[in-house]
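Colleague: Pasting in a structure now, in structure tokens, and then I'll have a few things to ask.
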Amino acid sequence: MANRKRVFDLLRTIDVASCRCPAHGNRGNIQVSNATPQKDYAFEIKCSTVRYGLGVTREVGHDLVNMDAKNVCVVTDPNVVNLQPLKTTLDSLTKTGVNYKVYDKVRVEPTDTSFKEAIAFAKANDFDSYVAVGGGSVMDTAKAANLYACDPEADFLDYVNADIGKGKPIEVPLKPMIAIPTTSGTGSETTGTSIFDYEELHTKTGISHSALRPILALIDPLHTLTMPEKVTKYSGFDIFCHALESFTAVPFTERGPAPANPSLRPTYQGSNPISDVWARFCLQVLQKYFKRSVQNPDDVEARSNMHLASTMAGVGIGNAGVHLCHGLAYPIAGHVKNFVPADNVYGSAPIIPHGLSVVMTAPAVFRFTAPSDPDKHIEAAGILGANTTGVKQADAGKLLSDTILQYMDYMKIENGLKTLGYTSEDIPDLVKGALPQKRLLALTPLEQSKEDLSKLLEDSLTVY
Ligand SMILES: NC(=O)c1ccc[n+]([C@@H]2O[C@H](COP(=O)([O-])OP(=O)(O)OC[C@H]3O[C@@H](n4cnc5c(N)ncnc54)[C@H](O)[C@@H]3O)[C@@H](O)[C@H]2O)c1
Ligand SMILES: [Fe+2]
């Protein structure tokens, strides 16, 4: 046994001392067979089939016929139901003779109550497939409706992430789901995640399992041309944080223990060489097209690229995961007081759109996480357009934070949590809501205390 340990230690030493260039520098744990790995040594990339192209929605009817679908649940929200993406979808279903029913009552930023309404609709009809047409709110609602209709006896909290729910793995077969995103942000079309606001605790949480992943994502940039400016910028900052958080998440080799059975490897596995490729791609696209896509809704090139970046970041987060910006965003959104985004594009009820709640703490979060891997933080800032010449490792956090702030300033993003209605007195409640987000906190590349979380929120009260 002692010998085995010595060999294992030696191999780790060789690994640590080995080349760190991008081609060979993956910090892979070298595992001795049969040793019980304390840390994980493997990662896997799962993804929906993705079909991308201007106008590709017209193919959805054929896909359903190919799947032998006879009774389709089309899920959308009260706004998208009146827009071209839904019309094109229904035209395609009608032309191919596919039978369907539309559920158009999805709540923007869904809650457990709104999920349950969609679940009741799904249970009352014997659907054999689902098509979600809308943003993250719609896609996440469709995933939940499908799950609980396929396991009608399950209690709602059974599948909800621990510790809020029981985190039960999905073992029942689900019906196939096709996702047609109409925002450029969440990447939910490729993820096995469904997020909702758990009203009792005033925080968001979710259901996370690869079985929830849509079987097909139809990425049709035409749909994004009607996105209002606010939706474009808030959902754009969701992509922004997905890319930055998955890129800087704890490396998969630092997360442990390795699962006894590969099916138990978590959905969010930590940063890895493949998700890093997606993240770098997204950061490049954001640098080139984010501002253009907000400035000019008719800029098809910019909006098309942002739509692709959203899916790419989804593949990144769907496997690597996200960390603190999202962990803190969930109570920020859940405790909303009176904030209503201008122009009523999100409706007239108080709501903090997901991308806004996420980016609020980003400048503080990346100042905090930079010491975990200064080079990666500098690299990210560089891709986003910062001048990295001569930047010292000690300044990595400031560089990335300042770069994020420039984007926020340019997009006229609200100046910190104060503008969303929060004061220092709210911070203990926000920390309390962040602590159950164990899955996300564990992916943060540095351990964080309650005091650290308080300080990050305090630093985010005013950001400019
Ligand atoms: N499942 C995941 O992996 C994942 C990841 C990130 C975020 N989310 C969740 O997704 C939700 C946010 O989704 P979102 O940012 O895509 O926005 P959304 O679905 O909440 O939609 C925002 C608003 O834009 C409108 N809209 C959507 N598409 C439009 C279009 N093409 N033209 C005009 N208006 C349009 C909607 O009607 C709505 O009013 C949050 O609940 C968030 O927590 C999920
Ligand atoms: Fe997100």
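Colleague: Under 8 Å between Cβ atoms, at least 6 apart or on separate chains: pull out the pairs that start in segment 39-65 with a residue that is not assigned by TED's automatic domain parsing to the domain that holds M177 and end on any residue that is of a type in the set (S, T, N, Q) and open to solvent by 70 Å² or more (accessible area, probe 1.4 Å).
Modeller: As it stands, the answer is none, since no pair meets every condition given.
Colleague: Something else now. Going by what's in this entry, would A364 be described as closer than 30 Å to F252 by Cβ, over 19 Å from the mean Cα position of the chain (by Cα) and in contact (Cβ under 8 Å) with a residue 60 or more places away in the chain?
Modeller: Considered against the rule, which asks whether it is closer than 30 Å to F252 by Cβ, over 19 Å from the mean Cα position of the chain (by Cα) and in contact (Cβ under 8 Å) with a residue 60 or more places away in the chain, A364 comes out as yes.
Colleague: For segment 119-139, state whether one or more residues are of a type in the set (K, R), away from ligand 1 (no atom under 16 Å from the Cβ) and within 27 Å of R58 (Cβ to Cβ).
Modeller: no
Colleague: Would you be able to tell me the number of residues in segment 199-211 that are crowded, with 24+ Cβ neighbours inside 10 Å and either closer than 14 Å to A313 by Cα or more than 12 Å from ligand 2 (Cβ to nearest atom) (or both)?
Modeller: Counting residues in segment 199-211 that are crowded, with 24+ Cβ neighbours inside 10 Å and either closer than 14 Å to A313 by Cα or more than 12 Å from ligand 2 (Cβ to nearest atom) (or both) gives 3.
Colleague: Taking the condition of being modelled with pLDDT of 95 or more, more than 16 Å from ligand 2 (Cβ to nearest atom) and open to solvent by less than 40 Å² (accessible area, probe 1.4 Å), how many residues in segment 337-371 meet it?
Modeller: 5
Let's see how each residue does on (1) part of a loop (DSSP other than H, G, I, E, B); (2) crowded, with 19+ Cβ neighbours inside 10 Å; (3) at positive phi; (4) not aromatic (F, W, Y):
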{"residue": "D395", "(1), (2), (3), (4)": "no, no, no, yes"}
{"residue": "T403", "(1), (2), (3), (4)": "no, yes, no, yes"}
{"residue": "K455", "(1), (2), (3), (4)": "no, no, no, yes"}
{"residue": "E458", "(1), (2), (3), (4)": "no, no, no, yes"}
{"residue": "L461", "(1), (2), (3), (4)": "yes, yes, no, yes"}
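Colleague: Let me ask another. Please find, among E451, E447, the residue that is in a helix (DSSP H, G or I) and closer than 29 Å to S271 by Cα.
Modeller: Sole residue among the options that is in a helix (DSSP H, G or I) and closer than 29 Å to S271 by Cα: E451.
Colleague: I've got another one for you. State all residues of segment 45-79 that are part of a loop (DSSP other than H, G, I, E, B) and open to solvent by 70 Å² or more (accessible area, probe 1.4 Å); if no residue qualifies, say none.
Modeller: K46, L54, D68, K70, P78, N79
Colleague: Is there a residue in segment 239-257 that is among the aromatic types (F, W, Y), surrounded by 24 or more Cβ atoms within 10 Å (Cβ to Cβ), in contact with a Pro (Cβ under 7 Å, 6 or more places away or on another chain) and modelled with pLDDT of 95 or more?
Modeller: To start, the set of residues in segment 239-257 that are among the aromatic types (F, W, Y) comprises 240, 247, 252.
Imposing the further condition that a residue be surrounded by 24 or more Cβ atoms within 10 Å (Cβ to Cβ) reduces the set to 240, 247, 252.
Within this subset, residues satisfying the condition of being in contact with a Pro (Cβ under 7 Å, 6 or more places away or on another chain) are none.
The answer is no, given that none of the residues of segment 239-257 is among the aromatic types (F, W, Y), surrounded by 24 or more Cβ atoms within 10 Å (Cβ to Cβ), in contact with a Pro (Cβ under 7 Å, 6 or more places away or on another chain) and modelled with pLDDT of 95 or more.
Colleague: Give the residue, chosen from L174, L157, L147, L225, that is under 22 Å from L64 (Cβ atoms), open to solvent by 20 Å² or more (accessible area, probe 1.4 Å), more than 18 Å from the chain's Cα centre (by Cα) and modelled with pLDDT of 95 or more.
Modeller: Details: L157 fails: under 22 Å from L64 (Cβ atoms); L147 fails: open to solvent by 20 Å² or more (accessible area, probe 1.4 Å); L225 fails: under 22 Å from L64 (Cβ atoms).
Sole residue among the options that is under 22 Å from L64 (Cβ atoms), open to solvent by 20 Å² or more (accessible area, probe 1.4 Å), more than 18 Å from the chain's Cα centre (by Cα) and modelled with pLDDT of 95 or more: L174.
Colleague: Quick one: K87 ticks every box in (1) modelled with pLDDT under 95; (2) open to solvent by 60 Å² or more (accessible area, probe 1.4 Å); (3) of a type outside the set (D, E) bar one, so which box is it?
Modeller: Every listed condition holds for K87 apart from (1).
Colleague: Which condition from (1) in contact with a Ser or Thr (Cβ under 8 Å, 6 or more places away or on another chain); (2) aliphatic (A, V, I, L, M); (3) more than 19 Å from S235 (Cα to Cα) is the one that A394 breaks?
Modeller: (1)
Colleague: In segment 92-115, what count of residues is obtained for those that are surrounded by 15 or more Cβ atoms within 10 Å (Cβ to Cβ) and at pLDDT 95 or above?
Modeller: Summing the residues that are surrounded by 15 or more Cβ atoms within 10 Å (Cβ to Cβ) and at pLDDT 95 or above in segment 92-115 gives 16.
Colleague: Only one of these is among the charged types (D, E, K, R), touching a residue at least 12 places away in the same chain (Cβ under 8 Å), in the same structural domain as Q406 (by TED's automatic domain parsing) and surrounded by fewer than 18 Cβ atoms within 10 Å (Cβ to Cβ): D375, D299. Name it.
Modeller: D375
The values are calculated or read from the model by the stated rules, or taken from the named source; none is laboratory data. Predicted model only: the values in this text are computed from it and were never measured. Don't worry about glycine lacking a Cβ; one is built from the backbone with ideal geometry, like all the others, and counts go over all protein chains shown. Each accessible area value is taken on the protein alone, full model and side chains, heavy atoms only, with ligands, DNA and RNA left out. Shrake-Rupley method; radii C 1.70, N 1.55, O 1.52, S 1.80 Å.
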